[in-house]
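Enquirer: Have a look at this one.
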Amino acid sequence: MMQDTMDTPQSDMASDAYLKQLKATFEQMPNDIVLYLFTAKGHEDAFTHANRQVIRAFRELSAKITLQEYDLDHELAKKWNITSSPTLLIAPEQYSIRWLGAPMGEEARTFLELLILVGLGKSQLSDQSLNVIKKIDSPRNVKVFVSPTCPYCPQQAVNAVKAAIELPQFVSLEIIDIQSEPELANQYAAQSVPQAFANDVLIGQGAQPEEVFVLSLQKLETRTIFIPDSDAELVETDLLIVGGGPAGLTAGIYAVRSGLRAAVVEREALGGQIATTPIVENYPGFTSVGGKTLVDIMVSHALQYVQIFQGEAVVDLQPDKPIGVLTTRRKFLTKSVLLATGATHRHLNVRGESRLSGRGVSYCSTCDGPLFRGKKVVMVGGGNSAVTEALHLFHMGVDVTLIHRRDKLRAQDFLAKQLADSNIPVLWDTAIEEIRGEERVEEILLVNNKTNQTDTFKTDGVFIAIGYSPALELAEKLGVEVNEDGYIKHDGKHRTNVPGVYSAGDVEGGYKQIVTASGQGAGAAMTIFEDLINPYWLN
């Protein structure tokens, strides 16, 4: 269905316009972009072929992009210490940036931004990031492990690219595809992407806001928050939407169409949980659509109306009039706030889970599944998400077993039938008591809920899909009440107990469906519009 849509004349025109814009962008760049591809003589694989295809496509856009290809035994390979095929060097005379694998799938976005930054010769780091990175005065050898199927990886990889361009005298970078370099990924126990290392120290697991990444790079330790300087940019809005999932994006569209000044702040990848959903089959208008594709459509639509600030985390809120919201990059003064913060993956809370997270324990089959192709894993859960992800792993060649604590699935009958038709084993009435392994997952300890019998189960990975916990940190800072189920308490129009503060989406509980979250976002935006005209708290 998406293919039919992409083949329309209107889409072709949009594509032509985009290509013309890219060509103009490259032609205006002051620097040539020299690429060196090193491959093993007589050895052709998918990654080598993908490199040539991607580079050829970009070279057609600009004569400023050139490619030179050499064998691994060439003297230049020795000069730059190239030992792996394929390895792509980008402007090695100016920067120390190399790609192990190929920039395909989601990583094509990283490659495009990399080429633009090299062509400009500028990192385009924010002022806050520049203030931090200037403090680095010793080498930082950075490795970022990525996967073509991971929507979060481009953000983290580009963070590292910017650092390498800003400080070429200190920062070297390797972008490593875990499918192309599984042994290296295993060496670093990078079984969840993205992961970033500097001088062999883990500095980032998952996508980080730019400033947080730079701070982690400077400190050589994982940081989770960045407090901006007091001279941060000030933005005034009628409505600030915190969260860029379906609820937040829809709210942005409806708010601006109502005449409000609105902005969306999202600290991670846009789209929320949809971005890592392999296939969506219950969203009106699409019989079947990839989660990331649906996100791209939503974001493209929202950008026609609302300003989106991605990669910014909210670090403080001041419930005054107007409400002050401080992010990692700027300060907002707003008349109202919509909390569309969604929910985070629920953990098993068993021994070994936290220690082995990213080392065989995963919450995203789309991001991490390819590394387990041909290996044995378990999927924990019995709802729609667990069954969908188990099927996704199965179809990519992973030996998957479903573990469910009950004797019947909660998933829809349609999904349960697919599970049975695929002959995916299910361990009923079973729970995990412990996840074991030294450097990575090796086995799990199981218990039967009916017999209390325990047993060990050898596995290379544990994928967990047992539901979500609402993200309430900001709600708690504002004094927003929660209900008995732990979700934000609100009236029928998404108002919380705090005047000017509203909620929508999974953070409210109820049916956790894309269409439901979108509807709640629309409803909340219309309520906010009405309330700003006639504030209910003044009546």
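The values are calculated or read from the model by the stated rules, or taken from the named source; none is laboratory data. Fair warning: this is a prediction, and the values are worked out from it, not measured in the lab. With ideal geometry, Cβ positions are generated from the backbone for all residues, glycine too; neighbour counts draw on all protein chains shown.
Enquirer: Which of the residues that make up region 296-311 are under 15 Å from Glu268 (Cβ atoms) and modelled with pLDDT under 90? It would help to see each step written out before you state the result.
Expert: Our first condition is that a residue be under 15 Å from Glu268 (Cβ atoms); within region 296-311, this holds for 299, 308-311.
Once the filter is applied, which keeps residues that are under 15 Å from Glu268 (Cβ atoms) and modelled with pLDDT under 90, region 296-311 yields Gln310, Gly311.
Enquirer: Can I ask one more? Among the residues of region 312-331, which ones are crowded, with 17+ Cβ neighbours inside 10 Å and acidic (Asp, Glu)?
Expert: Residue satisfying the conditions is Glu312 alone.
Enquirer: Sort out which residues of region 332-356 are in a strand (DSSP E or B) and surrounded by 19 or more Cβ atoms within 10 Å (Cβ to Cβ), and write them in order of number. Lay out the reasoning, then the answer.
Expert: Keep residues of region 332-356 that are in a strand (DSSP E or B), which gives 332-339, 343-345, 351.
Once the filter is applied, which keeps residues that are in a strand (DSSP E or B) and surrounded by 19 or more Cβ atoms within 10 Å (Cβ to Cβ), region 332-356 yields Phe332, Thr334, Lys335, Ser336, Val337, Leu338, Leu339, Ala343.
Enquirer: Follow-up. With the condition being under 20 Å from Val387 (Cα atoms) and either in contact with a Phe, Trp or Tyr (Cβ under 7 Å, 6 or more places away or on another chain) or free of Cβ contacts under 8 Å to residues at least 60 places away in the same chain (or both), I'd like the strands (runs of 3 or more DSSP E) fully within region 411-497 carrying at least 1 qualifying residues.
Expert: Details: elements: 430-436, 443-448, 454-458, 461-464, 468-470.
Counting at least 1 such residues, we get 430-436, 443-448, 461-464.
Enquirer: In region 499-518, what count of residues is obtained for those that are in contact (Cβ under 8 Å) with a residue 60 or more places away in the chain and crowded, with 18+ Cβ neighbours inside 10 Å?
Expert: Initially, region 499-518 is screened for residues in contact (Cβ under 8 Å) with a residue 60 or more places away in the chain, giving 500-507, 512-515, 517-518.
In the following step, the residues that additionally are crowded, with 18+ Cβ neighbours inside 10 Å were identified as 500-507, 512, 514, 517-518.
Looking only at that region, the number is 12.
Enquirer: Here is a check on your reading of the model: is Leu445 under 25 Å from His392 (Cα atoms) and either in the same structural domain as Ala411 (by TED's automatic domain parsing) or within 30 Å of the chain's Cα centre (by Cα) (or both)?
Expert: On the way: under 25 Å from His392 (Cα atoms): yes; either in the same structural domain as Ala411 (by TED's automatic domain parsing) or within 30 Å of the chain's Cα centre (by Cα) (or both): yes.
Criteria met by Leu445.
Enquirer: Just for region 375-398: of the residues that are part of a loop (DSSP other than H, G, I, E, B) and over 21 Å from Ile435 (Cβ atoms), which one is modelled with the highest pLDDT? Can you show your working first?
Expert: Going residue by residue through region 375-398, those that are part of a loop (DSSP other than H, G, I, E, B) are 375, 381-383, 396-398.
Then drop every residue that is not over 21 Å from Ile435 (Cβ atoms), which leaves 396-397.
Numbers: Met396: 93, Gly397: 96.
It comes out as Gly397.
Enquirer: All but one of (1) outside the structural domain of Glu508 (by TED's automatic domain parsing); (2) assigned to a loop (DSSP other than H, G, I, E, B); (3) in contact with a strand residue (DSSP E or B) (Cβ under 6 Å, 6 or more places away or on another chain) hold for Glu312; which doesn't?
Expert: It fails just one condition, (1).
Enquirer: Return yes or no: is Leu409 under 24 Å from Val350 (Cα atoms) and at pLDDT 95 or above? Write out each step before concluding.
Expert: On the way: under 24 Å from Val350 (Cα atoms): yes; at pLDDT 95 or above: yes.
For Leu409, the condition - under 24 Å from Val350 (Cα atoms) and at pLDDT 95 or above - is met.
Enquirer: Mind telling me which of the residues Glu166, Glu210, Glu233 ends up being over 21 Å from the mean Cα position of the chain (by Cα) and either of a type outside the set (Asp, Glu) or modelled with pLDDT under 95 (or both)?
Expert: Details: Glu166 fails: either of a type outside the set (Asp, Glu) or modelled with pLDDT under 95 (or both); Glu210 fails: over 21 Å from the mean Cα position of the chain (by Cα).
Of the residues listed, the single one that is over 21 Å from the mean Cα position of the chain (by Cα) and either of a type outside the set (Asp, Glu) or modelled with pLDDT under 95 (or both) is Glu233.
Enquirer: Go through region 357-374 and give me each residue that's surrounded by fewer than 24 Cβ atoms within 10 Å (Cβ to Cβ) and small (Gly, Ala, Ser).
Expert: Within region 357-374, Ser357, Gly358, Gly374 meet the criteria.
Enquirer: Still on this structure, please answer the following. Which residue is surrounded by the fewest Cβ atoms within 10 Å (Cβ to Cβ), if the candidates are limited to region 23-36 and must be within 16 Å of Tyr95 (Cβ to Cβ) and not hydroxyl-bearing (Ser, Thr, Tyr)?
Expert: Within region 23-36, the first condition is being within 16 Å of Tyr95 (Cβ to Cβ), and the residues that meet it are 29-36.
The next check asks that each one be not hydroxyl-bearing (Ser, Thr, Tyr); those that pass are 29-35.
Values: Met29: 19, Pro30: 9, Asn31: 13, Asp32: 13, Ile33: 22, Val34: 17, Leu35: 21.
Ranking the candidates gives Pro30 first.
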